[in-house]
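The structure appears below as structure tokens.
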Amino acid sequence: KVAWRFVVLGFEHIIPEGPDHCLFVLGLFLLIPRIMPVLCQISAFTVGHTITLTLTSLNIIVLPASIVEPMIAASIAFIAVENLLTTKVNRWRYVVAFIFGLVHGMGVATAFNEAGFPPGQLVPALAAFTVGVEAGHIAVLVVAFVALGWTKNKKWYRQRVAIPLSLIIAAIAMYWMLQRLGAL
């Protein structure tokens, strides 16, 4: 029961409660919507966020939401802007996905810790929550591939799909960042 509860909570943290995570995953997808490059980026992201989710949940590292949340928004904007400036996934992109996974993991930990877990059940709850979060990421990717995957080999993909959607993602993320900084 504990495991299933946390799988569901993790999934719900992404869908419907995590539009920022959804836009980040979509941003990773947009540069090169091919399964292996996207899965490798998501894997790097997952490793990063699992590390900080664990460390933050154990109170080994603690950063206030007033720092983490604007950083999450900035990471989304960064990925979207990078999509405008490059046409291929370099090794750099995997490092960036990992580093931003570290940042996002601290944000995910807030939701995890707020859910409360039974004494002695931290590890199973944490593992189940992570599975739910990843299931949410995969669901976002499935929708992206179904909705946009057919356009990936079109000559106009970059101009009509990747660039406009990346601009929208960057604008939304910049708005969120300013909002989370208290500037709006």
Of 70-80, 20-30, ordering from highest average Cβ density within 10 Å down gives 20-30, 70-80
Of ALA173, ALA115, ALA44, the most mobile residue in a GNM of the chain (C-alpha springs, cutoff 10 Å) is ALA115
Applying the span-like rule to the chain (DSSP H, Cα extent along axis at least 27 Å, Kyte-Doolittle mean at least 0.0) gives 35-57, 65-85, 91-115, 122-148
Highest mean packing first, using Cβ neighbours within 10 angstrom, the peptides 131-138, 57-64 sort as 131-138, 57-64
Checked against the positive end of the charge dipole of the chain (+1 on Cβ of Lys and Arg, -1 on Cβ of Asp and Glu, about the Cα centre), the farthest of SER75, ASN113, MET36 is MET36
Note, GLY27: beta-carbon cut-off 14 Å, +1 each Lys/Arg, -1 each Asp/Glu, net -1
Classified through the alpha carbon gyration tensor (a ≥ b ≥ c as square roots of its eigenvalues; rounded if a/c is under 1.5, else prolate when a/b is larger than b/c, else oblate), the chain comes out prolate
The summed charge of the GLY132 Cβ neighbourhood (under 13 Å; Lys/Arg +1, Asp/Glu -1) stands at -2
With the 8 Å Cα cutoff and a minimum separation of six or more residues, the chain has a relative contact order in percent of 43
Computed about the Cα centre, the charge dipole of the chain from +1 Lys/Arg and -1 Asp/Glu charges at the Cβ has a magnitude in debye, to the nearest 20, of 840
Yeah, the range 130-184 with a ≥ b ≥ c from its alpha-carbon gyration tensor (a/c under 1.5 is rounded, else prolate when a/b outruns b/c, oblate otherwise) is oblate
The alpha-carbon center of the range 103-147 and that of the range 23-43 are separated, in whole Å, by 18
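Here, each number is a calculation from the coordinates, and none is a lab measurement. If you're wondering where the values come from, they're calculated on a predicted model, not measured in any experiment. Counting neighbours? That spans all protein chains shown, and the Cβs are built from the backbone with ideal geometry, glycine included.
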